[in-house]
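> Below is the structure I would like to discuss, written out as structure tokens.
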Amino acid sequence: MKVKRCSTAILLFFYLTHCISQKYNFRNYSVNDGLTQSEIYAICQDRQGNMWFGTEGGGLVKFDGYAFKSYREEDGLSNSFVRVIFEDKTGILWIGTEEGVNSFDGAKFLFHSDPAGPGKSSIKCIIQDSSSDIWIGTENNGLFKYNKGRFTKFSAKNGLSHNTVFCLLETADSLLIGTKKGVTVYKDSKFLSIPFDDLRQSVIRSMVTDNTNRIWFATQGNGAFCLTDSSLIHYNTSEGLTNPIIYCALNDNRGSVWFGTANGVSRFKDDQFRNYSNKNGLPGDVIVSMYYDTFGNIWFGTSGGGITRFDNERFVHYTENELIGKQVYSVIQAPNKNMLFGTSAGGISVFDGIKTSLLKGISGFTNSKIRCLFYSNDSNLWIGTFEDGIYLFDNSGFQHFTINNGLVSNHISGITSDTSGNIWIASSDSGVCVFYPTFQTIMRYPDLNLTGEKYSIHCIGQIWKYLDG
């Protein structure tokens, strides 16, 4: 193959999180990973793909896929007990704390101290409606609407069922307000009571609409209710719900409604519940916040157990002997549905659904540790190693590529392809190169000098970003 040099840098690449030590694919983050506090009461993803977490005294925490960064009172936040995080249509973050509302434009915090506003009230929920008005629910201080810099307050005197507002949900023609005493409907500038006694007596902690336009009400102590066109269906522990105390609810847009409870997570799909708890990999059973991100992951905030990310794929628990290697650096599913694992023992462990076999020490292949695995559009397997370059496996066998064939390094950290089918290869010490199958050519980017631990190339889902740590 010919080698071409290019000084123009195009950077895209690779982040891979591995976790197969639990029954389900949960990835847990704790104070040991950089969190300031282990109780997570709010979760949000911004339009850049960053995850934001509200903690119990540890302030606002940003996670960019690589590291955690915290913001506290000394950074301009009004209070370090963060209850709500919401991104509006303009990209501004709204942060509800135990002492009022802040907005954050990415550079500085603004505390909304307007006397007509919530002031230093404890904030329970924030949404933006289709008219771009911001609605803010508080504890014991009613509901506020923010429009063009001005606040309007609504309370029990105006028709709210209670002055503690836990959640808000906009429907096609109204705003549903979940309070400490049932649900209030705001429609045509009037407050109306919902005509179901069971809901009137319940503490409404969360409300979501599912894929069939049914509305779900999650209560604190009375299970869940599902409102159809004409009836209200009650779900409790007798129907499979793990616990009647529900703190949050979530629609994952894939046919499931999730409930975070005082005893793990309940997932409602196909008219039945599936429950997840500490024994399935959750770091704590009290789930107080949830978020469905743009990559299809579900994030769970726990009371005392930090953050958990769940990618919806189930893993059976395999031991070191079964996987032939204690550390698993890469996992991929082959076109024939076999699972392939790149491990610390060298070679590739292959699981066919019944037994595990090992690709190692065979003709043309390596005994080196496998760092990454990738299937290209033509179903060829690309294998990146820690110190032995790349192996390409197709129907004819293995091909081996190293720096002698044009790679920028033998220390491979990531492999992927672009929309044209070109193979991008990231190294851990010498930058990036691209293999163009049409021309059988490698193009290198050696002038970037990306060396040392300071530089990493990461990928989260389908969003590519270069992170200078």
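> Give me the residue from the stretch 38-60 that is under 14 Å from the mean Cα position of the chain (by Cα) and among the β-branched types (Val, Ile, Thr) and, out of that set, surrounded by the most Cβ atoms within 10 Å (Cβ to Cβ).
Checked the stretch 38-60; the qualifying residue surrounded by the most Cβ atoms within 10 Å (Cβ to Cβ) is 40.
> Give the stretch 117-148 a look and list any residue that's assigned to a loop (DSSP other than H, G, I, E, B), in contact (Cβ under 8 Å) with a residue 24 or more places away in the chain and farther than 15 Å from residue 99 by Cβ, or say none.
Of everything in the stretch 117-148, those that are assigned to a loop (DSSP other than H, G, I, E, B), in contact (Cβ under 8 Å) with a residue 24 or more places away in the chain and farther than 15 Å from residue 99 by Cβ turn out to be 129, 130, 132.
> Can I ask one more? Restricting the search to the stretch 107-116, which residues are part of a loop (DSSP other than H, G, I, E, B) and at pLDDT 90 or above?
Matches in the stretch 107-116: 107, 108, 112.
> Let me ask you something else. From 155, 161, grab the single residue that is farther than 22 Å from residue 103 by Cα and buried (at least 21 other Cβ atoms within 10 Å of the Cβ).
161
> Scanning for something of a type outside the set (A, V, I, L, M, F, W, C), part of a loop (DSSP other than H, G, I, E, B) and touching a residue at least 24 places away in the same chain (Cβ under 8 Å), does the stretch 398-407 turn up at least one residue?
Looking for residues that are of a type outside the set (A, V, I, L, M, F, W, C), part of a loop (DSSP other than H, G, I, E, B) and touching a residue at least 24 places away in the same chain (Cβ under 8 Å), one finds at least one in the stretch 398-407, hence yes.
> Please find, within the stretch 277-288, the residue that is surrounded by the most Cβ atoms within 10 Å (Cβ to Cβ) out of those that are aliphatic (A, V, I, L, M) and assigned to a loop (DSSP other than H, G, I, E, B).
Result: 282.
> Taking the stretch 276-298 as the region of interest, how many residues are in contact with a helix residue (DSSP H, G or I) (Cβ under 9 Å, 6 or more places away or on another chain) and among the small types (Gly, Ala, Ser)?
1
> Please find, within the stretch 201-226, the residue that is modelled with the lowest pLDDT out of those that are loosely packed, with under 14 Cβ neighbours inside 10 Å and either among the β-branched types (Val, Ile, Thr) or touching a Gly at 6+ places or on another chain (Cβ under 9 Å) (or both).
This residue is 201.
> When you look at residue 466, is it in a strand (DSSP E or B), modelled with pLDDT of 85 or more, of a type in the set (Ser, Thr, Tyr) and surrounded by 13 or more Cβ atoms within 10 Å (Cβ to Cβ), yes or no?
Answer is no for this residue.
> What residue, among those in the stretch 298-341 that are surrounded by 13 or more Cβ atoms within 10 Å (Cβ to Cβ) and acidic (Asp, Glu), is modelled with the lowest pLDDT?
320
The values are calculated or read from the model by the stated rules, or taken from the named source; none is laboratory data. Keep in mind that this is a model prediction, so the values were computed, not measured. Here the Cβ is made from the backbone with ideal geometry for all residues, glycine too, and neighbour counts use every protein chain on show.
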